[in-house]
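What follows is a short report on a single structure.
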Amino acid sequence: MLTSTLHRHRERITRVLYFFPFRLLILHFKKNHFLLFFWLLLFGFTLGIFADNIGVPQQFLVPEYRGATGMIAFGIVGFAVGGFITAFNLYTYIMHGFRFPFIATLSRPFHKFALNNSLLPFVFVITYLLCSARFQMIQELIPPMRVAFNLLSFLLGIILFQSLSYFYFHYTNKDAQAFGQSETRAPVDTPLQHPHRWDLPGRKGWHVETYFYSLRRIALARDSAHYDREVLVQVFSQNHINASRFEVVLVLSFLVIGSLREHPFFVIPAAASSVLFFTMLLMLISALHSWIRGWTLTVFLVFLTVLNYFYADLHLFRLESRGYGMNYDTVRAPYHTGALLPDLSHRHQDIAHGWTILNNWERRVRSVYPEDTRRPRLVIIDCSGGGSRSAFWTMKALSAADSLSGGRLMHHATLVTGASGGMVGAAYLRELYLRQRSGEQINPRSREYADRMGRDLLNPVILSTAVNDWFIRYQTLRDGRYTYRKDRAWAFEKQLVTNTGGVFDKRLRDYSKPEFEGVIPMMVLSPTIVNDGRRLIIASQPVSYLAGQDALPGDPFALHEEVEFTRLFGQQDAWNLRFVSALRMNATFPYVFPITTLPSEPEIGVMDAGIRDNFGLKTTCRYLDTWRDWINTSTSGVVIVQVRDLPKGIQLQQRSESLFGRFVAPMGSIYGNMTRTQDFTNQQLLWYLRQSFDVPIDLVNLQLNQDRDSHVSLSWHLTRSEKQFIDDAVADPYFLKEAARLSELLNGHQEP
């Protein structure tokens, strides 16, 4: 009696331990590390563990489609997740199905395999529902009923894709019975006599006792030893072929979506695009494995080696981005020290040209304020980088400060410079003022325009990355006489032009006249040259004086830091560069946008200006030093308005005591403290600069005060709560105090 009882308990424990879903989970942790990496990313994004500072979790938890968060956006993300779950099941089935030979003896083998492989997807979906619901209600203030409908739409999206795959495999896959092997189903309570093995040469099966026969029934795994070995092989082979066909069709469908990605209807949420990219990788690898099996890794590595070797010659596969409007088919510009140093005669011409611009600016300010007989204050606007966060904040901050100063801020500004998103926002505001001063009936301070700057720019970029940039770039675009390949850089530019109502559809040369006449301030962009760390000075005016050589007399190793874009690439149609391309080059955050390749010899690439000067103060100091004499005699002082998306100050970084934390600390600390390091240098530069001027130089900080509880992510997409936080920030006491001080400097200053 006791022996029988112990036997039954042992049998029950064995059936639980060797339950098929548990065995598959163990299999994943033992052999499926590549696959687990994608699940780790998805769980990390959903839980806010990974990339929270750049806003990735928000993209997953509150997706946006065509400018709105709602059921359609959630449904698209759900459909994409459903595709990933199917890819996950196909990948596991193709790679490891042979380890469980009893599956081939069942009706609809792939469906039963997928059902038992649903433990990880089920946990992820539950995690997503809980995290998204919490984020929607707490962060986005979405009503509970809308949250429920959003999440229901997410689930329906998953179910829709799963249904499509179910019907495909239901009508294409065969079981052992279809190949002439009779099916003898064992009763549910029949005990197993011995472990089930499928001993293919060199391969070992995994023991399984029980499995989900359906959602409502658990069955015993039947012994497959009496089945014809060739029949089992035929079942798996035929199922693999059908699976690979399904994968190829889906991959081709994704590429078709990519070819239509410029239509707003196909610009799906960034989260869906990311999941789509993961799905494509899994499907390509598993489809390849279906055909060449054990040679998959070898063939893949050989392909990468050959591609890397011939990369320079295979233009179809080259992942290079270009400055749209430039000529890449002519003779390349020589890039060497002798060619980079500005000619002395050019420098004198440019200084004379700049002198005229300043005189035009002074006359215009006096004509706008004829009652003011005092010498005007000269204003320079420096904008920090920071994606849409900085772009939106710059628009709001400058608009509010200009309003509080009675319009003097934008009239007194002579130069705008800086990095990344801040320059995008400042450029948009400057363009609006240009249109207003040219006679258009618009109000640049209107909320409508600030809202436009807060619109999504990330969805088309991620979509292009997922379906185009990592594969063959087969689509081209025509810009005047020149042809280029489309990539995520083009997707960003096109969306930015769309978001701003087409006002950015201009060339670099289009701003030369209004800047020269003093109608709008001159704008100087300074992306970093990745080859040697120099700064590329891009302006609509000849500015060789901003690319001078800083050297003490007699120094034979003096370095030349800046390179003037229009002079270096004059023969390559530099003045025809699309202005949004210049903005994008100045905002090329690593990996988000591709490095822009320029037509020089040797070839150079440029990326984010913030790497060298996130606040534009290096350009500001050189500008002020050039015009010191004119400023001392023609102005009553200088006001540097620094628009910052992060507060200025020292925040001590707590050292991690973990082993991994100590390992990454050297590089992590350098990157994390990059802007603080620049702040230290900039403060010192300003202090020394002040000593050489006879008029005062004042610094006004229009900063976005953030803390841990009100963090706005560094991204090209803002959530509704983040926009609301920036909206409210212009009423912050510190901002109002600085704006009032700016107004006093511009309206109530005294002659020095």
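The values are calculated or read from the model by the stated rules, or taken from the named source; none is laboratory data. Being a predicted model, the structure only gives us computed values, none of them experimental. Here the Cβ positions follow ideal geometry from the backbone for every residue, glycine too, while neighbour counts run over all protein chains shown.
Of all residue pairs spaced 6 or more apart or on separate chains, those with beta-carbon atoms under 6 Å, a first member in the stretch 336-363 that is farther than 28 Å from A413 by Cα and a second member that is of a type outside the set (K, R) are L340/H560; L340/V563; L341/H560. Scanning the stretch 59-75 for residues that are surrounded by fewer than 22 Cβ atoms within 10 Å (Cβ to Cβ), touching a residue at least 24 places away in the same chain (Cβ under 8 Å) and either closer than 17 Å to F167 by Cα or not charged (D, E, K, R) (or both) yields G67, T69, G70, M71, I72. Is it the case that G78 is over 19 Å from the mean Cα position of the chain (by Cα) and either farther than 13 Å from L282 by Cβ or not in a helix (DSSP H, G or I) (or both)? Judged against the criteria, G78 is a match. Taken over the stretch 562-579, the residue count meeting the criterion of being part of a helix (DSSP H, G or I), of a type outside the set (S, T, Y), over 30 Å from R389 (Cβ atoms) and touching a helix residue (DSSP H, G or I) at 6+ places or on another chain (Cβ under 9 Å) is 5. Restricting the stretch 341-375 to residues that are part of a loop (DSSP other than H, G, I, E, B) and within 42 Å of the chain's Cα centre (by Cα) leaves a set whose member that is surrounded by the fewest Cβ atoms within 10 Å (Cβ to Cβ) is D343.
Given the criteria closer than 29 Å to G97 by Cα and either assigned by TED's automatic domain parsing to the domain that holds Y482 or at pLDDT 65 or above (or both), does T298 qualify? Answer is yes for this residue. For the stretch 127-148, a tally of residues being surrounded by 14 or more Cβ atoms within 10 Å (Cβ to Cβ) and either outside the structural domain of L90 (by TED's automatic domain parsing) or not small (G, A, S) (or both) returns 12.
Sort out which residues of the stretch 363-392 are among the basic types (K, R) and under 16 Å from T588 (Cα atoms), and write them in order of number.
Selection gives R389 alone.
Filtering the stretch 507-518 for residues that are at negative phi, without any contact (Cβ under 8 Å) to a residue 24 or more places away in the chain and out of contact with any His (no Cβ under 9 Å at 6 or more places or on another chain) leaves a non-empty set.
Filter the stretch 23-33 down to the residues that are in contact (Cβ under 8 Å) with a residue 60 or more places away in the chain and part of a helix (DSSP H, G or I), then identify the one that is nearest to A133 (Cα to Cα).
Start the filter on the stretch 23-33 by keeping residues that are in contact (Cβ under 8 Å) with a residue 60 or more places away in the chain, which leaves 23-25, 27-28, 31-32.
After this cut, where a residue has to be part of a helix (DSSP H, G or I) as well, the list is 23-25, 27-28, 31.
On the way: R23: 32, L24: 30, L25: 27, L27: 32, H28: 29, K31: 34 Å.
Here the residue is L25.
If you go through the stretch 441-456 and keep only what is outside any helix (DSSP H, G or I) and either within 20 Å of the chain's Cα centre (by Cα) or in contact (Cβ under 8 Å) with a residue 40 or more places away in the chain (or both), you end up with P444, R445, G454, R455, D456.
Results for (1) in a helix (DSSP H, G or I); (2) assigned by TED's automatic domain parsing to the domain that holds F615; (3) hydroxyl-bearing (S, T, Y); (4) under 26 Å from the mean Cα position of the chain (by Cα), shown as yes or no for each residue.
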{"residue": "Y688", "(1), (2), (3), (4)": "yes, yes, yes, no"}
{"residue": "N705", "(1), (2), (3), (4)": "no, yes, no, yes"}
{"residue": "S721", "(1), (2), (3), (4)": "yes, yes, yes, yes"}
{"residue": "D727", "(1), (2), (3), (4)": "yes, yes, no, yes"}
{"residue": "E738", "(1), (2), (3), (4)": "yes, yes, no, no"}
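Within the stretch 104-126, the set of residues being part of a helix (DSSP H, G or I), among the hydrophobic types (A, V, I, L, M, F, W, C) and either touching a residue at least 12 places away in the same chain (Cβ under 8 Å) or not assigned by TED's automatic domain parsing to the domain that holds F45 (or both) comprises A104, F110, F113, A114, L115, L119, L120, F124, V125. Give the stretch 272-282 a look and list any residue that's under 16 Å from F37 (Cβ atoms) and among the aliphatic types (A, V, I, L, M), or say none. Of everything in the stretch 272-282, those that are under 16 Å from F37 (Cβ atoms) and among the aliphatic types (A, V, I, L, M) turn out to be V275, M280, L281, L282. When the stretch 480-515 is filtered for residues that are of a type in the set (A, V, I, L, M), more than 22 Å from A270 (Cα to Cα) and part of a helix (DSSP H, G or I), only L508 remains. Please indicate, with yes or no, whether at least one residue in the stretch 457-470 is in contact (Cβ under 8 Å) with a residue 60 or more places away in the chain, closer than 21 Å to R66 by Cβ and not in a helix (DSSP H, G or I). Yes; the residues of the stretch 457-470 include at least one that is in contact (Cβ under 8 Å) with a residue 60 or more places away in the chain, closer than 21 Å to R66 by Cβ and not in a helix (DSSP H, G or I). Only one of the numbered conditions (1) at pLDDT below 95; (2) within 28 Å of the chain's Cα centre (by Cα) is not met by C621, and that is (2). Within the stretch 580-629, the residues that satisfy the criterion of being over 26 Å from N701 (Cβ atoms), touching a residue at least 24 places away in the same chain (Cβ under 8 Å) and in a helix (DSSP H, G or I) are V580, S581, A582, R584, M585.
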